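Comments concern the structure below.
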Amino acid sequence: MKARPTDVVRSGGRRDRKDAPSIGTLADALVAGAARQPSLSLGELLLLIGDRGFGAVLVLAAGANLSPAGVIPAASTLLAAVVAFVSLQIVAGQRHIWMPRFLRRKTLSRRLVEGTGRTMKKWSRWLDPWLTRGLRPLTQRPFDRLAGLICILLAVPVPLLEFVPFLTNVPMTIVAIFGLGLLVRNGFLMALGFAASLAVAYLAYRLLTS
């Protein structure tokens, strides 16, 4: 019996998730997934990424805020909502990102997915040697849920911070650090995220009580 596209992606997601904690191998998974069929739905893409989809979405959302797109009015608020939505699922212990069915059915072209994978592959040649796995327990329970809770707390004030140019970059940079730590399963990045969160919390406390 010929396997359905979703079944192929599902099995591929498990294999890639088990064997590939690096950006380079995740890029390979995207390229391979795009080669199997003419297009991929968002749901299939999330299955392909596997349980690292949370980190990937956090990195993309925070990265978009740090890019020129972040200066667009209300863009930071929308991206913060995405961060909070995904982080809430991390705290709840979800293994995969949930999204409404109509969004899961949205399709991405083979060219777009493959191009994204090849671009990530180029970056991985520089990033992966520096993002070797370490302190991996910090990327697992309960620390991943703690990171998710912190990301929610960081996202909450973003709509107010948006009125001050570039101030939203502070919480979103920490979100990006957590997201990258979860994506490549690097505990050192998670530790950096926790340390940065404590520093920001202390500074906020001093400002509010002074």
**Request:** Test L160 against the stated conditions and say whether it is closer than 17 Å to L66 by Cα and either outside any helix (DSSP H, G or I) or free of Cβ contacts under 8 Å to residues at least 24 places away in the same chain (or both).
**Result:** yes
**Message:** As an exercise: evaluate R95 against (1) basic (K, R); (2) assigned to a loop (DSSP other than H, G, I, E, B); (3) farther than 19 Å from M190 by Cβ and give the number of the one condition it does not meet.
**Reply:** (3)
**Item:** Top-ranked residue in segment 66-122 [being free of Cβ contacts under 8 Å to residues at least 24 places away in the same chain and touching a helix residue (DSSP H, G or I) at 6+ places or on another chain (Cβ under 7 Å); ranked as least open to solvent (accessible area, probe 1.4 Å)]
**Value:** A75
**Request:** Kindly provide the set of residues from segment 174-210 that are open to solvent by 60 Å² or more (accessible area, probe 1.4 Å) and touching a helix residue (DSSP H, G or I) at 6+ places or on another chain (Cβ under 7 Å), ordered by number.
**Result:** L192
**Message:** Looking at L182, L154, can you tell me which residue is of a type in the set (A, V, I, L, M, F, W, C), within 16 Å of A61 (Cα to Cα) and in contact with a Phe, Trp or Tyr (Cβ under 8 Å, 6 or more places away or on another chain)?
**Reply:** L182
**Asked** Any residue at all in segment 26-41 that is in a loop (DSSP other than H, G, I, E, B), open to solvent by 30 Å² or more (accessible area, probe 1.4 Å) and within 26 Å of R145 (Cα to Cα)?
**Response** no
**Message:** Looking at W130 and the list (1) open to solvent by 80 Å² or more (accessible area, probe 1.4 Å); (2) in contact with an Asp or Glu (Cβ under 6 Å, 6 or more places away or on another chain), which single condition is not satisfied?
**Reply:** (2)
**Asked** In segment 156-168, is there at least one residue being closer than 28 Å to A75 by Cα and of a type in the set (S, T, Y)?
**Response** yes
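The values are calculated or read from the model by the stated rules, or taken from the named source; none is laboratory data. These figures come from a predicted structure and were not determined experimentally. Every residue, glycine as well, gets a Cβ built from its backbone with ideal geometry; the counts of neighbours run over all protein chains shown. SASA here: full protein model, heavy atoms, side chains in, ligands and nucleic acids out. Shrake-Rupley method; radii C 1.70, N 1.55, O 1.52, S 1.80 Å.
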